[in-house]
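Q: Could you have a look at this structure, given as structure tokens, before my questions?
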Amino acid sequence: MPAKPDMADKPKLLVVEDDPGLATQLKWAWDEFDVICTGDRESAIAALRQHEPDVVTLDLGLPPDPDGTTEGFAVLDAIMALKPETKVIVASGHGAAESAMRAIEQGAYDFYRKPVKIEELALIVRRALHLAGIEAENRRLAARSGADATVLGSIVTAAPEMIRTARTVERVAATEVSVMLIGASGTGKELLARGLHASSGRAGASFVAINCAAIPDHLLEQELFGYEAGAFDGAQSAREGRIEMASGGTLFLDEMGDLPPAIQSRLLRFIETRAVERMGSGQAIPVDARIVCATTRDLPAMVANGDFREDLYFRLAEVVVAIPALAERAGDAPLLARHFLARFAAEMNPQIKGFAPDALTAIDAWHWPGNVRELENRVKRAVIMADGRLVSAEDLDLAEPGEELAQALNLKAAREQADRKLIRHALARSEGNISSTARMLGISRPTLYDLMKQYDLTT
């Protein structure tokens, strides 16, 4: 007969219950757990600090307010502030529906209505422990690898839309075709370009980037093509341009749509001859550089209007990759927010431990007109300015947004598209908490599991 596991090997469970008889009953009934029982706020917080349990069952009716919920919610707030990854299972007989919604909003994992049925509550506890174990392992792996859910080495995403974009970039990286990245400002065009370079055979050589919109026209030509000594007043010595610097590697031309016509002609000449002539020189210098470009502008429309050379466009756009906006990447905003928070907190405000539930809800629902760059800036500012351990929606300066679902002509496709998006949003808001997600969606947990399996979704 196998020996019973040592107490140190059992998962810790904190029971916050002011009924001594029920607390004792739970302690003896749950032999599989190392149960610590407390009956008030002070002892509960002390036990949380000492034992650091992954799961807490919390009776909202605690002294000195055993007939209300104020003391219980105060304990819940304290737990979320001290150890926000804790799975708190709240139990109450006082205004159960209202208390349940409030508890979930304040970060509880699940809610159970009294009178307590020990076996049913034990099932919820086991699921919470299982999820806590998975999340702890994910945190360990992330800490060990220094990465979140990444593709192309450094792009943090779990959204199918962005993963498909990254896979396209990976496939063309091994070729020598010119790639044009199309996307709104702040979507990560340079990050994708760097990922393409790192995945290519040119990874060992230079990645040279230049923003064509940030440099005045008369200086842009010097930057791209270089110059010889004496080419103009002040040119005391020769200087190679960015195109030459990228020889053997990758030249990234950001904001290609802002190139003036004269430079468009010179760039086309380089692409056709694979040689550059510095300003003030007629000597052709061979350069082997792959071109990757990006733009926020509608280049086909500019070609039609005569504002961009058609022959140059087709030379640069051998493969066009569209980058989805952050609002189109369901679930990515909270994922990226946690990634940025971990980085900025370590650098600037180590007391910050995570996001409050209202912040995660606001992050997931916001439309992010400035895309990833806006999200990064908001999180950075919030980490600097936040007073508590958890960043709130107020710290992020996020208003309550509206939410729209994508439309599709086919009814079945529209339902599936809407289901996928809503489930991903709900999972992101609840940090993968299945019970909370099901409650948000108004369905049972078995139904949610079935839908997640049907749509190949994971927490």
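The values are calculated or read from the model by the stated rules, or taken from the named source; none is laboratory data. Being a predicted model, the structure only gives us computed values, none of them experimental. Every residue, glycine as well, gets a Cβ built from its backbone with ideal geometry; the counts of neighbours run over all protein chains shown.
Q: When residues of region 45-81 are filtered for being closer than 21 Å to ALA128 by Cα and at pLDDT below 85, how many remain? If you could, list the steps in order and put the result at the bottom.
A: Step one: filter region 45-81 for residues closer than 21 Å to ALA128 by Cα, giving 45, 47-60, 72-73, 75-81.
Narrowing the set further to residues that are at pLDDT below 85 leaves 81.
Matching residues across region 45-81 total 1.
Q: In region 276-303, which residue that is closer than 23 Å to SER247 by Cα and of a type in the set (Gly, Ala, Ser) is surrounded by the most Cβ atoms within 10 Å (Cβ to Cβ)?
A: Of all residues in region 276-303, those closer than 23 Å to SER247 by Cα come to 276-295.
Now drop any that are not of a type in the set (Gly, Ala, Ser), which leaves 280-282, 284, 289, 294.
On the way: GLY280: 14, SER281: 16, GLY282: 7, ALA284: 14, ALA289: 23, ALA294: 26.
Filtering region 276-303 for residues that are closer than 23 Å to SER247 by Cα and of a type in the set (Gly, Ala, Ser), the one surrounded by the most Cβ atoms within 10 Å (Cβ to Cβ) comes out as ALA294.
Q: Contact list please: Cβ distance under 8 Å, first residue in region 427-443 and free of Cβ contacts under 8 Å to residues at least 40 places away in the same chain, second residue surrounded by fewer than 19 Cβ atoms within 10 Å (Cβ to Cβ), pairs at least six apart or on different chains.
A: Cβ pairs passing all conditions: ALA438/SER444; ALA438/ARG445; ALA438/THR447; LEU441/LEU422; ILE443/LEU451.
Q: Just to be sure I understand, how many residues within region 328-359 are in the same structural domain as LYS421 (by TED's automatic domain parsing), in contact with an Asp or Glu (Cβ under 8 Å, 6 or more places away or on another chain) and surrounded by fewer than 23 Cβ atoms within 10 Å (Cβ to Cβ)?
A: 3
Q: I'm trying to understand the selection: among the residues of region 82-95, which are surrounded by 21 or more Cβ atoms within 10 Å (Cβ to Cβ) and at pLDDT 80 or above? Don't jump to the end; show me each part of the working.
A: Within region 82-95, the subset surrounded by 21 or more Cβ atoms within 10 Å (Cβ to Cβ) is 86-92.
Correct list: THR86, LYS87, VAL88, ILE89, VAL90, ALA91.
Q: I've got another one for you. Quick check: is even one residue across region 402-415 in the same structural domain as SER436 (by TED's automatic domain parsing), within 17 Å of the chain's Cα centre (by Cα) and modelled with pLDDT under 85? Write out each step before concluding.
A: Residues of region 402-415 in the same structural domain as SER436 (by TED's automatic domain parsing): 402-415.
Within this subset, residues satisfying the condition of being within 17 Å of the chain's Cα centre (by Cα) are none.
For region 402-415, residues in the same structural domain as SER436 (by TED's automatic domain parsing), within 17 Å of the chain's Cα centre (by Cα) and modelled with pLDDT under 85: absent.
Q: Report, by residue number, each residue of region 193-237 that is assigned to a loop (DSSP other than H, G, I, E, B) and of a type in the set (A, V, I, L, M).
A: First pass over region 193-237, keeping only residues assigned to a loop (DSSP other than H, G, I, E, B): 199-206, 212-216, 226, 228-237.
Of everything in region 193-237, those that are assigned to a loop (DSSP other than H, G, I, E, B) and of a type in the set (A, V, I, L, M) turn out to be ALA203, ALA205, ALA213, ALA214, ILE215, ALA229, ALA231, ALA235.
Q: Scanning for something surrounded by 15 or more Cβ atoms within 10 Å (Cβ to Cβ), part of a helix (DSSP H, G or I), polar (S, T, N, Q) and assigned by TED's automatic domain parsing to the domain that holds GLY21, does region 58-74 turn up at least one residue?
A: no
Q: For GLU98, are the conditions met, namely being at pLDDT below 90 and either surrounded by 14 or more Cβ atoms within 10 Å (Cβ to Cβ) or not assigned by TED's automatic domain parsing to the domain that holds ALA438 (or both)?
A: On the way: at pLDDT below 90: yes; either surrounded by 14 or more Cβ atoms within 10 Å (Cβ to Cβ) or not assigned by TED's automatic domain parsing to the domain that holds ALA438 (or both): yes.
The answer is yes for GLU98.
Q: Name every residue in region 201-254 that is aliphatic (A, V, I, L, M), surrounded by fewer than 21 Cβ atoms within 10 Å (Cβ to Cβ) and over 29 Å from the mean Cα position of the chain (by Cα), in order of residue number. Give the steps one after another, and end with the answer.
A: Taking region 201-254 first, the residues aliphatic (A, V, I, L, M) are 203, 205, 208-210, 213-215, 219-220, 224, 229, 231, 235, 238, 243, 245-246, 251, 253.
From what's left, surrounded by fewer than 21 Cβ atoms within 10 Å (Cβ to Cβ): 203, 205, 208-210, 213-215, 219, 229, 231, 235, 238, 245.
The answer is ALA205, ILE215, LEU219, ALA229, ALA231, ALA235, ALA238, MET245.
Q: With respect to ALA23, is the statement that it is touching a residue at least 24 places away in the same chain (Cβ under 8 Å) and either of a type in the set (S, T, N, Q) or part of a helix (DSSP H, G or I) (or both) true?
A: Numbers: touching a residue at least 24 places away in the same chain (Cβ under 8 Å): no; either of a type in the set (S, T, N, Q) or part of a helix (DSSP H, G or I) (or both): yes.
Spelling it out, it is not the case that ALA23 is touching a residue at least 24 places away in the same chain (Cβ under 8 Å) and either of a type in the set (S, T, N, Q) or part of a helix (DSSP H, G or I) (or both).
Q: Here is a check on your reading of the model: is ALA74 touching an Asp or Glu at 6+ places or on another chain (Cβ under 6 Å) and either free of Cβ contacts under 8 Å to residues at least 24 places away in the same chain or of a type outside the set (D, E, K, R) (or both)?
A: Working: touching an Asp or Glu at 6+ places or on another chain (Cβ under 6 Å): no; either free of Cβ contacts under 8 Å to residues at least 24 places away in the same chain or of a type outside the set (D, E, K, R) (or both): yes.
No, not satisfied.
Q: On to the next question. Restricting attention to region 435-451, which residues are surrounded by fewer than 20 Cβ atoms within 10 Å (Cβ to Cβ) and under 19 Å from GLY133 (Cβ atoms)?
A: If the condition is that a residue be surrounded by fewer than 20 Cβ atoms within 10 Å (Cβ to Cβ) and under 19 Å from GLY133 (Cβ atoms), then ARG445, TYR449 are the ones that fit.
Q: Can you pull out every residue in region 184-210 that is out of contact with any Ser or Thr (no Cβ under 7 Å at 6 or more places or on another chain) and more than 22 Å from GLY248 (Cβ to Cβ)?
A: GLY186, THR187, GLY188, LYS189
Q: Follow-up question, since we're still on this one. If you take the residues in region 108-133 that are crowded, with 17+ Cβ neighbours inside 10 Å and modelled with pLDDT under 80, which one is nearest to LYS27 (Cα to Cα)?
A: VAL116
Q: From the set of residues in region 52-67 that are of a type in the set (D, E, K, R) and within 28 Å of ARG127 (Cα to Cα), which is nearest to the chain's Cα centre (by Cα)? Explain how you work it out, then say what you get.
A: Going through region 52-67, the residues of a type in the set (D, E, K, R) turn out to be 52, 54, 59, 65, 67.
Checking the rest, the ones that are also within 28 Å of ARG127 (Cα to Cα) come to 52, 54, 59.
Numbers: GLU52: 27, ASP54: 24, ASP59: 34 Å.
Of everything passing the filter in region 52-67, ASP54 is nearest to the chain's Cα centre (by Cα).
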